[in-house]
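A.B. asks: First, the structure itself, so that you have it in front of you.
The values are calculated or read from the model by the stated rules, or taken from the named source; none is laboratory data. Small disclaimer: the values here were computed from a predicted structure and weren't measured. Here Cβ is always computed from backbone atoms with ideal geometry, including for glycine, and neighbour counts include all displayed protein chains. Heads up: the accessible areas ignore ligands, DNA and RNA and are worked out on the full protein's heavy atoms, side chains in. Shrake-Rupley method; radii C 1.70, N 1.55, O 1.52, S 1.80 Å.
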Amino acid sequence: MAKLTIPELKSRKGRGSLVMLTAYDYPTAKLAAEAGVDVLLVGDSLGMVVLGYDSTVPVTLEEVLHHTKAARRGAPGVHLVADLPFLADATPERALAAAERLVKEGGADSVKLEGAKLEAVRVLVAAGVPVLGHVGLTPQTASSLGGYKVQGKTPEAAERLLADALALADAGVWGVVLEMVPAPLAALVTERLSVPTVGIGAGAATDGQVLVFHDLIGVFDRFKPKFVRRYLEGGALIREAIAAYAADVRSGAFPADEHGFAMDESALEGLYGKES
Ligand code: KIV
């Protein structure tokens, strides 16, 4: 499968078919690529699902960069988006400097930023860095939004969300993530926007969907958002596998002969009886 270019991504508008998934490391990115995912996202959700932070706020540029490099190695042929972590996009200059590292060192094809940071988007796009927008629940500023809550439920909030999405598209993003947005509002935004929307907790009318890998495989159990469908109870399966390994080690059932390496034991003859 060839890596999707920006015109190809934009051409997925209206088809509801864009499949995006987070990936933070080599094996996950490789598996997702083999499964035919269109776009991989090194989201700053890595802070919560991989690094064990309580939120995405502490995630650093170095951490996103480290994981972007690993995901890139696992999926060289898939369009890879890297998140700008909290405050890395506080000014257009900072956003450009962070994007330079993610693209040139990390191998990202696009960067994603949260909120309507229009000047930062314009500067990035003018410099040749494709940008994915993100409105609705923006986890980096969840506290100001009153927590991890559905956004855009009042007429004013819905109008602001639509205006932000339209302004981001005007500023040049190739797509907009809609997170925890009521389905009818997400449908309206999708209809009004010229670029693809990618929903997470935004209903079925968006141009694509994104999920966090650890939610999809059921290994993140601190909480389960309503919009998550687990396609695997991976946590239980992995725990069982590790418990079986531990039991085998303790009983002597592992390792078996086939896991060891043979040698000509005559090579050891001179060692027997010798003090070391
Ligand atoms: O960080 C992330 O994984 C994200 C997705 C939930 C869109 O921003």
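A.B. asks: Which of the residues spanning the range 79-109 are in contact with an Asp or Glu (Cβ under 9 Å, 6 or more places away or on another chain), in a loop (DSSP other than H, G, I, E, B) and surrounded by fewer than 24 Cβ atoms within 10 Å (Cβ to Cβ)?
C.D. replies: If the condition is that a residue be in contact with an Asp or Glu (Cβ under 9 Å, 6 or more places away or on another chain), in a loop (DSSP other than H, G, I, E, B) and surrounded by fewer than 24 Cβ atoms within 10 Å (Cβ to Cβ), then Phe86, Thr91 are the ones that fit.
A.B. asks: Being more than 16 Å from the ligand (Cβ to nearest atom) and open to solvent by less than 20 Å² (accessible area, probe 1.4 Å) narrows it down to one residue among Gly270, Gly208, Gly235; which is it?
C.D. replies: Of Gly270, Gly208, Gly235, the one residue that is more than 16 Å from the ligand (Cβ to nearest atom) and open to solvent by less than 20 Å² (accessible area, probe 1.4 Å) is Gly235.
A.B. asks: Is it true that some residue in the range 171-180 is away from the ligand (no atom under 15 Å from the Cβ) and without any contact (Cβ under 8 Å) to a residue 40 or more places away in the chain?
C.D. replies: no
Matching residues to (1) among the basic types (Lys, Arg); (2) buried (at least 20 other Cβ atoms within 10 Å of the Cβ); (3) more than 12 Å from the ligand (Cβ to nearest atom); (4) assigned to a loop (DSSP other than H, G, I, E, B):
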{"position": "Val111", "(1), (2), (3), (4)": "no, yes, no, no"}
{"position": "Glu114", "(1), (2), (3), (4)": "no, yes, no, yes"}
{"position": "Val121", "(1), (2), (3), (4)": "no, yes, yes, no"}
{"position": "Leu132", "(1), (2), (3), (4)": "no, yes, no, no"}
{"position": "Gly146", "(1), (2), (3), (4)": "no, no, yes, yes"}
